[in-house]
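Here's the structure, in structure tokens; my notes come after.
The values are calculated or read from the model by the stated rules, or taken from the named source; none is laboratory data. All values reported here derive from a predicted model rather than from experimental measurement. Because the Cβ atoms are built from the backbone with ideal geometry, glycine has one as well, and the counts that use them run over all protein chains shown. Note: areas computed on protein heavy atoms with side chains; ligands, DNA, RNA excluded. Shrake-Rupley method; radii C 1.70, N 1.55, O 1.52, S 1.80 Å.
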Amino acid sequence: KNQVEQSPQSLIILEGKNCTLQCNYTVSPFSNLRWYKQDTGRGPVSLTIMTFSENTKSNGRYTATLDADTKQSSLHITASQLSDSASYICVVSRTGGGNKLTFGTGTQLKVEL
Amino acid sequence: GAVVSQHPSWVICKSGTSVKIECRSLDFQATTMFWYRQFPKQSLMLMATSNEGSKATYEQGVEKDKFLINHASLTLSTLTVTSAHPEDSSFYICSARDPGAHLTGGYTFGSGTRLTVV
């Protein structure tokens, strides 16, 4: 069964600190993996997208890694800001299959002073 | 970059009435759009895939007669919740596919619509 699991479910960190979010997937055949940021009451906004051959990709303070062999990905946030408080969703796309995306349940991040 | 506009951002309606939600791709043509539903603290659940000029493909368990989808042009898809009931209260999000959008990998989401049925 195609699944995407994320951990932790929720996380609280102090402003300025770094954090790493995890994503494990069983989606096959793999096409690409995306990380989205979803603010409360808003639609998801893309942070990064990685294909099979990419191990890491950065977007400002966000750095995503991908290990296609172990089917794991991580999203590292450096120097966190209050505005980073949001849900971070890992989404995996499979080849063929009508372009359907498999969504993780997200990690709820709260950055506090 | 690719922008998807979703309207309204929130709506409150009486039980038994119908509500229409619009999803527009502003700077690209979207042959395929997707409609999702999201309950609090849960992930997005695909409801249906909307293809321009043809009937939508609904996911298992989604009532096509209750959630009417129309994709009459390459830039507009609409979702109509018919005879809404309180259990239909949820956050509805659309997504449009733009293969030319590099960062998004071809999928751009709207800002969502909060539907509350009273």
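To keep it simple, each residue is scored yes or no on (1) touching a helix residue (DSSP H, G or I) at 6+ places or on another chain (Cβ under 9 Å); (2) without any contact (Cβ under 8 Å) to a residue 60 or more places away in the chain.
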| position | (1), (2) |
| --- | --- |
| A:G43 | no, yes |
| A:L47 | no, yes |
| A:T51 | no, yes |
| A:N55 | no, yes |
| A:T65 | no, yes |
| A:K71 | no, yes |
| A:I77 | yes, yes |
| A:S80 | no, no |
| A:S87 | no, yes |
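Examine the range B:22-31 for a residue that is modelled with pLDDT of 95 or more, within 11 Å of the chain's Cα centre (by Cα), among the charged types (D, E, K, R) and under 24 Å from A:S87 (Cβ atoms), and state whether such a residue exists.
no
Just to verify a result, which residue in the range A:68-91, among those that are surrounded by fewer than 16 Cβ atoms within 10 Å (Cβ to Cβ) and among the small types (G, A, S), is nearest to A:I13 (Cα to Cα)?
So, considering only residues that are surrounded by fewer than 16 Cβ atoms within 10 Å (Cβ to Cβ) and among the small types (G, A, S), the one nearest to A:I13 (Cα to Cα) is A:A79.
Does A:N2 satisfy the condition of being open to solvent by 50 Å² or more (accessible area, probe 1.4 Å), assigned to a strand (DSSP E or B) and more than 9 Å from chain B (Cβ to nearest Cβ)?
No.
Provide a single number: the residues in the range A:19-67 that are of a type in the set (D, E, K, R), open to solvent by less than 40 Å² (accessible area, probe 1.4 Å) and closer than 15 Å to A:L109 by Cβ. Can you show your working first?
Keep residues of the range A:19-67 that are of a type in the set (D, E, K, R), which gives A:34, A:37, A:39, A:42, A:54, A:57, A:61, A:67.
Narrowing the set further to residues that are open to solvent by less than 40 Å² (accessible area, probe 1.4 Å) leaves A:34, A:37.
Now drop any that are not closer than 15 Å to A:L109 by Cβ, which leaves A:37.
Number of matching residues: 1.
Which one of these does A:I12 not meet: (1) assigned to a strand (DSSP E or B); (2) buried (at least 19 other Cβ atoms within 10 Å of the Cβ)?
(2)
Find the residue count for the range A:63-85, including only residues that are within 13 Å of chain B (Cβ to nearest Cβ) and under 19 Å from A:T40 (Cα atoms).
0
Take A:S31 and tell me if it is within 13 Å of chain B (Cβ to nearest Cβ), touching a strand residue (DSSP E or B) at 6+ places or on another chain (Cβ under 8 Å) and not charged (D, E, K, R).
Yes; evaluated as a whole, the condition is true for this residue.
Could you please let me know if A:L113 is on the phi < 0 side of the Ramachandran plot and more than 11 Å from every other protein chain (Cβ to nearest Cβ)?
yes
Show me the strands (runs of 3 or more DSSP E) entirely contained within the range A:37-113 in which 1 or more residues are over 24 Å from B:G112 (Cα atoms), out of contact with any Gly (no Cβ under 8 Å at 6 or more places or on another chain) and modelled with pLDDT of 95 or more.
Hits in the range A:37-113: A:56-59, A:62-67, A:72-77, A:107-112.
Check whether at least one residue in the range A:92-100 is within 13 Å of chain B (Cβ to nearest Cβ), among the aliphatic types (A, V, I, L, M) and under 18 Å from B:S43 (Cβ atoms), and report yes or no.
There is at least one residue in the range A:92-100 that is within 13 Å of chain B (Cβ to nearest Cβ), among the aliphatic types (A, V, I, L, M) and under 18 Å from B:S43 (Cβ atoms).
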